[in-house]
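The values are calculated or read from the model by the stated rules, or taken from the named source; none is laboratory data. None of the values given here were measured: they were computed from a predicted structure. Note: ideal-geometry Cβ built from the backbone for every residue, glycine included; neighbour counts use all protein chains shown.
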Amino acid sequence: MAWFLYIIGMVWIAYGTCAILYTEDTRQTYRTLLSKMSRPVLSAFPFVAGILFIIAASSSGHPWIIRSLGVIALLKGVLIYLNPKDIFNTITSWYLDALSEQAHRFIGIISIILGTAVLSWVI
């Protein structure tokens with residue numbers, strides 16, 4: 001399952017790079033993707049990623065961190081699916097509309113760091 005960790009690490013690095021260099025384009029692409037997908041279908045992605053993180057934890061040098069990321073992803077998938085008090089739309093509108101460009105770039109930096117860490121932890 002190391003292949004999943006390699007893929008997710010590369011995706012996080014690519015997203016972080018785009019979020020830093022092309023902030024508004026990245027935000028617009030994210031907005032377009034969210035508008036075209038239904039919430040139940042969208043919730044399947046983090047849920048499946050969480051299961052794959054938990055399975056892939058054994059091929060990591062720091063399995064407890066990878067398992068923690070898996071549990072967070074599972075919770076995110078459940079939260080998106082259940083959507084208590086319309087929290088999904090509130091967070092999405094905050095992220096896409098109210099967050100400054102510097103905050104998006106900071107999220108991109110965190111994404112690059114996390115992607116690099118995941119890649120370095122693969123055994």
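Please find, within segment 7-63, the residue that is surrounded by the most Cβ atoms within 10 Å (Cβ to Cβ) out of those that are outside any helix (DSSP H, G or I) and in contact (Cβ under 8 Å) with a residue 60 or more places away in the chain. Restricting to residues being outside any helix (DSSP H, G or I) and in contact (Cβ under 8 Å) with a residue 60 or more places away in the chain, the top hit is Ser60.
For segment 72-123, a residue qualifies if it is among the hydroxyl-bearing types (Ser, Thr, Tyr) and either within 14 Å of the chain's Cα centre (by Cα) or in a helix (DSSP H, G or I) (or both), and the qualifying residues are Tyr81, Thr90, Thr92, Ser93, Tyr95, Ser111, Thr116, Ser120.
Looking across Phe4, Phe53, Phe47, one residue alone is of a type in the set (Phe, Trp, Tyr) and under 18 Å from Ile91 (Cβ atoms). It is Phe47.
Table: residues versus (1) modelled with pLDDT of 95 or more; (2) farther than 25 Å from Thr17 by Cα; (3) not aromatic (Phe, Trp, Tyr).
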site: Phe53; (1), (2), (3): yes, no, no
site: Ser59; (1), (2), (3): no, yes, yes
site: Ile87; (1), (2), (3): no, yes, yes
site: Trp94; (1), (2), (3): no, no, no
site: Ala98; (1), (2), (3): no, no, yes
site: Phe106; (1), (2), (3): yes, no, no
site: Ser111; (1), (2), (3): yes, no, yes
site: Val118; (1), (2), (3): yes, no, yes
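Of all residues in segment 61-92, those satisfying the criterion of being closer than 23 Å to His104 by Cβ and aliphatic (A, V, I, L, M) are Leu69, Ile72, Ala73, Leu79, Ile80, Ile87, Ile91.
Residues in segment 81-123 that are loosely packed, with under 12 Cβ neighbours inside 10 Å and within 21 Å of Ala56 (Cβ to Cβ): Ser120, Ile123.
Assigned to a helix (DSSP H, G or I), at pLDDT 95 or above and over 25 Å from Ile123 (Cβ atoms), is that true of Ile66? Spelling it out, it is not the case that Ile66 is assigned to a helix (DSSP H, G or I), at pLDDT 95 or above and over 25 Å from Ile123 (Cβ atoms). Considering Ile54, Ile80, the condition of being hydrophobic (A, V, I, L, M, F, W, C) and closer than 18 Å to Gly9 by Cβ is satisfied by Ile54 alone.
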